[in-house]
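The values are calculated or read from the model by the stated rules, or taken from the named source; none is laboratory data. Keep in mind it's a predicted model, so treat the numbers as computed, not measured. We place every Cβ from the backbone using ideal geometry, glycine too, and count neighbours over all the protein chains shown. Please note that ligands, DNA and RNA were not included when accessible areas were found on the heavy atoms of the full protein model with its side chains. Shrake-Rupley method; radii C 1.70, N 1.55, O 1.52, S 1.80 Å.
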Amino acid sequence: MAITILGIESSCDDTSSAVIRDGYLLSNLLASQEVHRQYGGVIPELASRAHQLNIVPVVSQALSQAGITMDEIDAIAFTVGPGLLGSLIVGTSFAKGLSLSTGKPLVEVNHLQGHILSHFIKQEGKDNRHPSFPFLCLLVSGGHTQIVAVHDYFKFEIVGHTIDDAVGEAFDKCSKMMGLGYPGGPIVDRLAKEGDPKKFSFAKPHVEGFDFSFSGIKTSLLYFLRDRLKEEPDFIEKNKCDICASFQKALIDILMKKLIMASDATGIKEIALGGGVSANSGLRDEITRTGRRKGWNTYLPEFKFTTDNAAMIAVSGYYKYLEGCRAPLSIAPISRARDFGI
């Protein structure tokens, strides 16, 4: 008998709902919140209010696009954390209400686990290539930077993580310092394509093991811009493409150095990329080039699965449902999580 899962994602500023049947994607709807652009970052209170407005039509459209009704749903998978607490409360509360009114069981999903398992979303008419266990996933986003050893659908081992800021935050801060706009990652990536990545250099951290640090490189950029602007007031405008290309290259170099170390140490050559920053073209190109050189099998998510989306929540919920996982109505969202045990 086919298993059909409704997924709900509301961890930050995107309201999303998707339907998965036996691992195959039937629909994936997303409502973004443009209101945050004018503030240069996500405002939690505004995000939670927008989720309240968006969640009913988004879920309704996901079901309609999939061509099914709630009667055909076997379980409701939802993001329990980590994320913005107000946003998570909206998604969790809606999932609970839907469960109570329909009698469908709940399955909680860790948002980070969702990004990793997005590689297992199947789509009709595609080859649906996915990593074999065990594999290493470089998980990069605005809030997290980790190297995760994935031994099976439910066994995750964090090999390395950032000891301060996430790489996505570094991209956003770069854009903010240069007055380029928000969200910074796509802007920096676009400008970097037209710049010289070797034009400028920035201080890179020396962190033991497989861990990362990005606070120092942000400070390096801050002082670099401060000093150059004193000499030449329009320095940023004249050199913005080269600055973005050089800064992006420095960030990618940090990520790739640790990923190569982790692969060499573990002997794992199945390498996946996940999270919002996995949409970065420079990182995607570099991990592909390195993979050819190192003999890796590399897996890059489709761009539509790099953002916060409910398809990844639904597919994670699908595998958890098959294992008999069910969430009680008393479950509460978690804004921070140290591991994948939630």
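Observations
- Of all residues in region 228-263, those satisfying the criterion of being under 19 Å from K218 (Cα atoms) and among the β-branched types (V, I, T) are I236, I243, I252, I254.
- Residues within region 297-324 that are touching a residue at least 60 places away in the same chain (Cβ under 8 Å) and assigned to a helix (DSSP H, G or I), tallied: 15
- Test: residue in region 257-269 that is touching a Gly at 6+ places or on another chain (Cβ under 7 Å) and within 21 Å of K173 (Cα to Cα): no
- Taking (1) surrounded by fewer than 21 Cβ atoms within 10 Å (Cβ to Cβ); (2) modelled with pLDDT of 95 or more in turn, L6 satisfies each apart from (1).
- Condition met for D285 (assigned to a helix (DSSP H, G or I) and surrounded by fewer than 18 Cβ atoms within 10 Å (Cβ to Cβ)): yes
- Residue satisfying all of: in region 163-186; open to solvent by 20 Å² or more (accessible area, probe 1.4 Å) and touching a His at 6+ places or on another chain (Cβ under 9 Å); farthest from L136 (Cα to Cα) among these: Y182
- For the residues L229, L259, L273, the requirement of being surrounded by 16 or more Cβ atoms within 10 Å (Cβ to Cβ), of a type in the set (A, V, I, L, M, F, W, C) and assigned to a helix (DSSP H, G or I) singles out L259.
- Verdict on I334 being in a helix (DSSP H, G or I) and either in contact (Cβ under 8 Å) with a residue 12 or more places away in the chain or touching a Pro at 6+ places or on another chain (Cβ under 9 Å) (or both): no
- Check on F210, open to solvent by less than 30 Å² (accessible area, probe 1.4 Å) and either within 24 Å of the chain's Cα centre (by Cα) or on the phi > 0 side of the Ramachandran plot (or both): no
- Considering region 232-256, the residues that are open to solvent by less than 20 Å² (accessible area, probe 1.4 Å) and free of Cβ contacts under 8 Å to residues at least 40 places away in the same chain include one that is nearest to A279 (Cα to Cα), namely I252.
- Top-ranked residue of region 38-87 - restricted to ones that are open to solvent by 80 Å² or more (accessible area, probe 1.4 Å) and in contact with a helix residue (DSSP H, G or I) (Cβ under 7 Å, 6 or more places away or on another chain), ranked as modelled with the lowest pLDDT: E45
- Exclusive hit being modelled with pLDDT of 95 or more and in contact with a strand residue (DSSP E or B) (Cβ under 7 Å, 6 or more places away or on another chain), set A18, A31: A18
- Extreme residue, nearest to I313 (Cα to Cα), among residues of region 88-136 that are charged (D, E, K, R) and open to solvent by 40 Å² or more (accessible area, probe 1.4 Å): K122
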